[in-house]
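The next block holds one structure in the form of structure tokens; read it before the comments.
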Amino acid sequence: MKFTLPKIETTGLLLGAFLGGLAVLCVAAAADKPAPDAASQQRPTSDLAAKTNEVGTEQVTGIGGVFFKAKDPKAMLAWYRKNLGFPARGSYADFKWRDKDRPDQMSHTAWRIFPTNTTYFGQSTSPLMINYRVANMDRMLEQLRKAGTNIEKIEDYEYGRFAWIIDPEDNRIELWEPKQK
């Protein structure tokens, strides 16, 4: 009897490692338990519009989406459905959730597979793009411009405002300010 080892796809491994790391960060953020000596320094988190750190830097408020390229998007999608139970329709999945500070509002995180020849990632050669949620796009973009970051484009849709940038290692980043309801 002859056994062969399956071909290992590095894109799948990288994405798996990323999603595993993302899960760890989500669990850590959900715990939200400050050290006893830091209790007096804890900021209230109920006002998402004021997501800035101690020095007034605008911060992302969460992850709005994970997008990646695949050589065979249909086969990759089938793998995610079969092995991870992804609730994808076409090449897209929408994970719905509620923010602990606004449990009356539904939010979502998008997940999508693109073919390797997509133009959606702009000039970036990276196979992965993250969509980060922001509370105030104007402040975030001003902060990025002051740091010398090129803003590729800005677009407005009925569900929010988007902007695209490239990080120092050629990863395209999508910023999203959801419409307030």
Looking only at the range 135-147, decide whether some residue is farther than 19 Å from Thr57 by Cα and not β-branched (Val, Ile, Thr).
no
Only one of (1) surrounded by 12 or more Cβ atoms within 10 Å (Cβ to Cβ); (2) modelled with pLDDT under 90 does not apply to Gly62, and that is (2)
Scan Gly160, Gly122 and give me the residue that is within 27 Å of Leu77 (Cβ to Cβ), of a type in the set (Gly, Ala, Ser), under 16 Å from the mean Cα position of the chain (by Cα) and surrounded by 11 or more Cβ atoms within 10 Å (Cβ to Cβ).
Gly160
Within the range 72-86, can one find any residue that is among the hydrophobic types (A, V, I, L, M, F, W, C), surrounded by 12 or more Cβ atoms within 10 Å (Cβ to Cβ) and under 14 Å from the mean Cα position of the chain (by Cα)?
no
So Glu142, is it of a type in the set (D, E, K, R), part of a helix (DSSP H, G or I) and farther than 29 Å from Trp97 by Cα
yes
When Ser91 is evaluated against the numbered criteria (1) surrounded by fewer than 16 Cβ atoms within 10 Å (Cβ to Cβ); (2) modelled with pLDDT under 85, which criterion, by number, is the only one it fails?
(1)
When you go through (1) touching a Ser or Thr at 6+ places or on another chain (Cβ under 6 Å); (2) closer than 18 Å to Trp176 by Cβ one by one for Lys96, which number turns out not to apply?
(1)
Would you check if Asp170 is over 20 Å from Pro73 (Cβ atoms), within 17 Å of the chain's Cα centre (by Cα) and either outside any strand (DSSP E or B) or among the polar types (S, T, N, Q) (or both)?
yes
Checklist (1) under 17 Å from Gln59 (Cα atoms); (2) modelled with pLDDT of 90 or more; (3) surrounded by fewer than 17 Cβ atoms within 10 Å (Cβ to Cβ); (4) of a type outside the set (A, V, I, L, M, F, W, C) applied to Asp99, failing item:
(2)
Check Glu155 against each of (1) assigned to a strand (DSSP E or B); (2) touching a residue at least 12 places away in the same chain (Cβ under 8 Å) and name the one condition it does not meet.
(2)
Search the range 125-153 for residues being farther than 20 Å from Asp94 by Cα and of a type in the set (Lys, Arg), and hand back the single one that is surrounded by the most Cβ atoms within 10 Å (Cβ to Cβ).
Arg139
Working only within the range 126-136, note down all residues that are of a type in the set (A, V, I, L, M, F, W, C) and either out of contact with any Phe, Trp or Tyr (no Cβ under 9 Å at 6 or more places or on another chain) or assigned to a loop (DSSP other than H, G, I, E, B) (or both).
Ala135
Pull up the range 102-115, narrow it to residues that are surrounded by 13 or more Cβ atoms within 10 Å (Cβ to Cβ) and either farther than 15 Å from Tyr132 by Cα or not small (Gly, Ala, Ser) (or both), then point me to the one that is modelled with the lowest pLDDT.
His108
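The values are calculated or read from the model by the stated rules, or taken from the named source; none is laboratory data. Note that the structure is a prediction, hence the values are computed from the model and not measured. Note that we place each Cβ from the backbone using ideal geometry, even for glycine, and neighbour counts take in every protein chain shown.
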